[in-house]
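Below is one structure, written out as structure tokens, with a few remarks after it.
The values are calculated or read from the model by the stated rules, or taken from the named source; none is laboratory data. Everything numeric in this text was worked out from a predicted model, so none of it was measured. Cβ coordinates were reconstructed from backbone atoms using ideal geometry, including for glycine residues, and neighbour counts include every protein chain displayed. These accessible areas exclude ligands, DNA and RNA; they are computed on the full protein's heavy atoms, side chains included. Shrake-Rupley method; radii C 1.70, N 1.55, O 1.52, S 1.80 Å.
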Amino acid sequence: MLAEFETIYAEVPADLAGWLAVQQLSLTIDGADAAAAEEQVIHPASGKVIASYPQSGTDHVNAAIMAADRAFSGWSRTPVAERRRMLEQFADILWERRVTIAMLIAAETGRPLRRAFSELFFSVNYVRTLAAQELVERDYSQEGISARLVHRPLGVAAAIAPWNGPVILAVAKIANALLAGDTLVLRPAPQTPLSALYMGMIARDIFPAGVFNVITGDAAVGASLVKHPDVAKISFTGSTATGRLIAEAAAPGLKRLTLELGGNDAAIVLDDADLDAVADAVYRISLENAGQFCAAIKRLYVHASVHDCLRDRIVELMQGAVAGSAFDKQSTLAPLQSATQQTRVQGFLDDALSRGARRTGPDFSTVGTEARGGFFIAPALVEGCDEDFPLVADEQFGPVLPIIAFDDEADALRRANANPYGLGGSVWSGDIDRALSIAENMHCGTAWVNQHGAFSAALPMPFAGQSGLGMDYAHYGVLEHSRSMLLNVKT
């Protein structure tokens with residue numbers, strides 16, 4: 001993969017906008033193009049329009065659901081082995097088209113192309129891993145009765161993917177639903193429609209018409225999708241506020257839900273931690289990537305004896321940051337996804353500074369940039385924050401990280417748990433048993449030791465608190481797209 005990173009930049013076309021227009025991206029409904037009005041995509045690294053795409057309306061929602069509903073009968077009876085084979089073909093074509101998809105991700109997210117390619121690389125692995133999952137049937141017996149618990153498809157699944165991982169968080173939903181025997185309508189985030197549209201187009205020759213449909217659209221389109229009476233399952237990744245609205249819309253029909261929502265992950269760094277490893281993780285997932293990862297470290301609690309040393313090591317890493325075009329090999333920083341998000345994160349920082357907190361880190365006089373019009377914020381650590389600061393209490397989703405000293409481990413755990421979110425958390429220590437004794441008491445779905453955000457398609461992803469409902473990945477994601485049924489025979 002490292003060799004690919006070195007060569008992919010050479011394939012960037014001189015006229016990127018022209019190249020994007022040539023892709024002729026279209027909605028996929030019932031295995032074919034569907035006409036729609038045009039909307040624009042803003043490149044976050046420049047703040048300029050980079051492409052246009054077809055914008056769905058409620059008529060497209062209805063057509064896509066009707067197509068998926070028609071296809072369900074045949075797809076649900078397709079043997080699991082055949083569904084698995086088609087998903088493997090899907091993984092194959094994702095890899096075959098990896099350069100195109102990576103460039104689409106970079107265009108719509110503004111993230112450096114190497115990061116976009118990395119997302120595509122792991123997405124292919126996710127499809128293959130999830131396609132290999134088994135839903136084990138279980139036999140029960142007692143006097144006079146023989147019973148078997150089996151799993152059956154639900155029907156039409158609606159998948160709503162977020163902008164921060166437009167491919168990897170879409171393909172997981174696709175693989176879960178299609179392996180289970182559901183048919184699917186995918187709606188990507190309005191900010192990042194390009195890669196989803198392309199996936200729908202290249203999948204047409206793999207899956208039967210109507211099995212995998214891709215539409216676009218704003219919040220009104222999303223609402224129409226989740227409220228539709230023929231949708232049996234909703235899989236959503238996004239904000240907790242939107243997740244509540246989806247749960248409310250799904251309640252009258254008791255639709256099945258998988259909701260991966262916001263996170264405000266805490267990392268607790270003990271006095272014997274490997275500070276280089278902590279600094280690398282903090283910089284890579286919480287600062288360089290603009291904090292735009294649900295399970296990024298968003299609150300950093302550090303033992304007072306190593307606080308200054310860790311701070312300085314993270315700041316040293318920041319000094320090499322370069323903000324610029326996603327297609328420039330020198331660029332390392334990701335921009336915020338939109339001007340709205342940039343303003344929101346800057347507001348958190350300004351609020352903290354107005355209350356006496358201190359910002360540490362480079363500014364854009366020392367961070368090289370070729371994209372002054374982009375939605376960048378220079379990465380920063382913020383010291384002197386209280387727990388009630390929005391920067392600490394809320395999910396900032398930006399490259400501005402509160403770093404908070406502690407003396408007492410029990411107090412650090414209490415503060416880490418004093419938050420409504422519960423996606424992930426981590427403890428860092430040279431003593432694994434010591435770290436585990438704290439990690440097992442964190443109020444979160446995944447507690448890591450000496451790592452953070454280390455998700456895998458092969459490992460379950462539980463949620464806690466306001467961070468979601470259900471469970472994803474491993475066989476659990478497929479199970480969430482199925483209904484259990486007991487076959488009970490009198491013998």
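Going by the conditions given, is Leu353 outside any loop (DSSP other than H, G, I, E, B) and over 15 Å from Lys298 (Cα atoms)? Here the answer is yes, as Leu353 does meet what is asked.
Quick check: anything in the range 347-355 under 22 Å from Gln319 (Cα atoms), at pLDDT 95 or above and either among the hydrophobic types (A, V, I, L, M, F, W, C) or in contact with a Leu (Cβ under 6 Å, 6 or more places away or on another chain) (or both)? Yes, some residue in the range 347-355 is under 22 Å from Gln319 (Cα atoms), at pLDDT 95 or above and either among the hydrophobic types (A, V, I, L, M, F, W, C) or in contact with a Leu (Cβ under 6 Å, 6 or more places away or on another chain) (or both). Filter the range 356-396 down to the residues that are on the phi > 0 side of the Ramachandran plot, surrounded by 14 or more Cβ atoms within 10 Å (Cβ to Cβ) and at pLDDT 95 or above and list them by number. Across the range 356-396, the qualifying residue is only Gly384. Picking from residues in the range 429-447 that are in contact with a Phe, Trp or Tyr (Cβ under 9 Å, 6 or more places away or on another chain) and of a type in the set (A, V, I, L, M, F, W, C), the one that is surrounded by the most Cβ atoms within 10 Å (Cβ to Cβ) is Cys444.
Condition check ((1) out of contact with any strand residue (DSSP E or B) (no Cβ under 9 Å at 6 or more places or on another chain); (2) part of a strand (DSSP E or B); (3) among the basic types (Lys, Arg)) across all residues:
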residue	(1), (2), (3)
Leu391	no, no, no
Pro402	no, yes, no
Leu413	no, no, no
Gly430	yes, no, no
Leu436	no, no, no
Trp448	no, yes, no
Gly477	no, no, no
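The set of residues from the range 137-150 being free of Cβ contacts under 8 Å to residues at least 60 places away in the same chain, surrounded by 10 or more Cβ atoms within 10 Å (Cβ to Cβ) and within 38 Å of the chain's Cα centre (by Cα) comprises Glu137, Arg138.
Counting only helices (runs of 4 or more DSSP H) wholly contained in the range 1-116, the ones carrying 2 or more residues that are among the basic types (Lys, Arg) and surrounded by 15 or more Cβ atoms within 10 Å (Cβ to Cβ) occupy 80-96. Within the range 127-153, the set of residues being of a type in the set (Asp, Glu) and closer than 13 Å to Met485 by Cβ comprises just one member, Glu137.
The residue list Gln337, Gln341, Gln330 contains one member that is closer than 29 Å to Pro162 by Cα, open to solvent by less than 50 Å² (accessible area, probe 1.4 Å) and part of a loop (DSSP other than H, G, I, E, B), which is Gln337.
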